[in-house]
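J.: One structure, as structure tokens, below. Some questions next.
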């Protein structure tokens, strides 16, 4: 079996990668290492590594098939700043990556238990330097309310799959981040009723 057979294609990446890249360009550091949590197919990491050659990107996932896809994309692209993927479960302690200048998490926290969000934020507080960026992208609730009917439908479909899943309330995420040493977030509205949420670690 050739490595390219392992490549996964996520339609959402094609739709959102340009908009996310625009936001990241305003918030990522000029250089250093960016840790991506739940990299999935690996297409985002590949795109970001291409777009930001001065940054090193460390893709991770907790799923073996996702890691195989990331590896296949990386083998094809041969980008020096795209590192080999690492198995990382945010709930496991310690993380295999102990230091990063920024952490990016796209479309993960609503398809995981709430404990995964709290563990991710806690882990980010350990590995990021003061001023380090913690970036979330995806659908959120605001003040426990859905911001669009389509988000409410999506939330209901997730909870049918797993009662522990569902759209997270942005205020609850912010409260958790504040407790772990992050400043109030910058919030940017994105296409399709998604949000980019950018936290910075306090000194």
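J.: Which of the residues that make up the range 62-94 are touching a helix residue (DSSP H, G or I) at 6+ places or on another chain (Cβ under 7 Å), within 28 Å of residue 130 (Cβ to Cβ) and buried (at least 21 other Cβ atoms within 10 Å of the Cβ)?
T.: The answer is 82, 85, 90.
J.: Sticking with this structure for a sec: With respect to the numbered conditions (1) without any contact (Cβ under 8 Å) to a residue 40 or more places away in the chain; (2) assigned to a helix (DSSP H, G or I); (3) in contact with a strand residue (DSSP E or B) (Cβ under 8 Å, 6 or more places away or on another chain), which one is the sole condition not fulfilled by residue 121?
T.: It is condition (1) that residue 121 fails.
J.: Now a separate question. Looking only at residues that are surrounded by fewer than 21 Cβ atoms within 10 Å (Cβ to Cβ) and touching a helix residue (DSSP H, G or I) at 6+ places or on another chain (Cβ under 7 Å) in the range 96-109, which one is nearest to residue 164 (Cα to Cα)?
T.: If we take residues in the range 96-109 being surrounded by fewer than 21 Cβ atoms within 10 Å (Cβ to Cβ) and touching a helix residue (DSSP H, G or I) at 6+ places or on another chain (Cβ under 7 Å), then 107 is nearest to residue 164 (Cα to Cα).
Condition check ((1) touching a helix residue (DSSP H, G or I) at 6+ places or on another chain (Cβ under 7 Å); (2) closer than 25 Å to residue 58 by Cβ; (3) part of a loop (DSSP other than H, G, I, E, B)) across all residues:
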residue: 137; (1), (2), (3): yes, yes, no
residue: 141; (1), (2), (3): yes, no, no
residue: 151; (1), (2), (3): yes, no, no
residue: 157; (1), (2), (3): no, no, no
residue: 165; (1), (2), (3): yes, no, yes
residue: 171; (1), (2), (3): no, no, no
residue: 178; (1), (2), (3): no, no, no
residue: 197; (1), (2), (3): yes, yes, no
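J.: Here's another thing I want to ask about it. Of all residues being surrounded by 15 or more Cβ atoms within 10 Å (Cβ to Cβ) and either modelled with pLDDT under 95 or not in a strand (DSSP E or B) (or both) in the range 184-195, which is farthest from the chain's Cα centre (by Cα)? Just the residue, please.
T.: 193
J.: Against the definition (part of a helix (DSSP H, G or I) and surrounded by fewer than 22 Cβ atoms within 10 Å (Cβ to Cβ)), how does residue 23 come out, yes or no?
T.: Considered against the rule, which asks whether it is part of a helix (DSSP H, G or I) and surrounded by fewer than 22 Cβ atoms within 10 Å (Cβ to Cβ), residue 23 comes out as yes.
J.: If you don't mind, there's one more thing I want to ask. If only one of 135, 154 is modelled with pLDDT of 95 or more, over 18 Å from the mean Cα position of the chain (by Cα) and surrounded by 15 or more Cβ atoms within 10 Å (Cβ to Cβ), which one is it?
T.: 154
The values are calculated or read from the model by the stated rules, or taken from the named source; none is laboratory data. The structure displayed is predicted, hence computed values, not measured ones. Neighbour counts run over all protein chains shown; Cβ positions are idealised from the backbone, glycine included.
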